[in-house]
1. I'm checking a number: the convex hull volume of the Cα atoms of segment 4-132, normalised per residue, in Å³. What is it?
2. Using Cα pairs under 8 angstrom and six or more residues apart, how large is the relative contact order of the chain, in percent?
3. Normalized C-alpha radius of gyration of segment 1-71, against 2.2 N^0.38 Å?
4. Report, for segment 4-132, the % of DSSP beta bridges that are antiparallel, rounded to 5.
5. Which three semi-axes in whole Å describe the equivalent ellipsoid of segment 72-164, each the square root of 5 times a Cα gyration tensor eigenvalue, listed largest first?
6. Please calculate how many Å² of accessible area the chain carries per residue, with a 1.4 Å probe and no DNA, RNA or ligand atoms counted.
7. When the helix-only estimate is applied to the chain (DSSP H runs of n ≥ 4, each -39,500 (n - 2.57), divided by the residue count), what is the mean residue ellipticity at 222 nm, nearest 500 deg cm²/dmol?
8. Average projected area of the Cα convex hull of segment 109-226, in nm²?
Amino acid sequence: MPAKNEQPLKVLSDAEIDALIITKPENQRYLEGFTGRDCYMLVSSGGNFLIADSRYTEMGEKECKTATVLPYSQPYPPLGDVLASVAKERSFGRVGFERGNITWGDYDNISKRMEDAGVVMMPTSSLIEGMRAKKTPHESAMIGAACQIADRALKDILSQIRPGVSELDIKIELDYHLKTGGAEETAFDTIVLFGARSSQPHANPRRDVYLRKGDLVLIDYGAVKGGYRSDTTRTFVCGKASGEQRSAYEAVLEAQMESIEMVMPGAEAGKVNDRAAGMIKDAGLLAFEHGIGHGVGLEIHELPSLRRGLDTVLESGNVITIEPAMYRPGWGGIRIEDTVLVTDDGHSVLTFFPKELIEL
Ligand code: ZN
Ligand code: ZN
């Protein structure tokens, strides 16, 4: 396997481009360790460059492993001019850009200057994201550490989930425990949903929704450590679970454990998805329509994606979530999610929070 700093060059030559303009902050961080935003990185065999305005020039000099920092400012010198002059000096013919991560305004500005310099702009997608899907041992260790922080934080606040608290109360408490427990930030906006609202997979916690006995409690949350994210969902019942809640919970849990067992190098993402969805349907429940999982790392949703119809094959080093669910509008939803590392001979679950149904 090539060293990490040689990989982008291979990706560039495979895509038949001389250089790549990187606008996604997570890709910049992955390649150069740079943690700023709103900057432009140019990667090429002639070296890497960070084109930054004055907010980020000193930070870029300190953080970037190899990139030369070039300043730009409005009105002069504009971003497009700086990029075009680097391209011209090095006689680049074709320069790629990340099609999903650039505004029309920036593209317009850059492409005009590039055209004047005789450069052809080439749209690319997921070149660096593809590299990021396979984690190094250091990266998976960071995700593991984030998972442990998350496990502890939920344990710490469990006793506070009592009738009368609001969804927002619990979100604030959990976020506080994540951060005081070692998280740099929350992995995404923490989701806390009570009762029938739990059937909306990504609704926002509300200040005016209070927990009542018999409610489902769905919590989807994560921590960030060293820039890397964890992702866990647990569903509880406030008070004693009804027979219907318990049987639905058992069906989702069984599907989740069965699909985790399928996680190994060579497993097809679509098949893992379909197995869990099939088991939940066979139990007479409304199965999830979202994918069963996604890669997780510097971003909360990254490659590989695990969805219906995808023949993507899992490989050792992928870190993914497995999160089957059932959702019935007006009744509620049950989702159980773990973060899982694909290992050479199978998998290793990184989130340890208990999964048997907890009645709070
Ligand atoms: Zn999640
Ligand atoms: Zn997830």
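The values are calculated or read from the model by the stated rules, or taken from the named source; none is laboratory data. All of these numbers come straight from a predicted model, not from anything done at the bench. Cβ coordinates were reconstructed from backbone atoms using ideal geometry, including for glycine residues, and neighbour counts include every protein chain displayed. What goes into the accessible areas is simple: the full protein's heavy atoms, side chains included, and nothing from ligands, DNA or RNA. Shrake-Rupley method; radii C 1.70, N 1.55, O 1.52, S 1.80 Å.
1. Cα-based convex hull of segment 4-132, divided per residue, equals 92 Å³.
2. Normalised by residue count, the contact order of the chain is 14 percent.
3. 1.05
4. 45
5. 45, 18, 12
6. Using a 1.4 Å probe on heavy atoms only, each residue of the chain averages 44 Å².
7. -10500 deg cm²/dmol
8. 11.3
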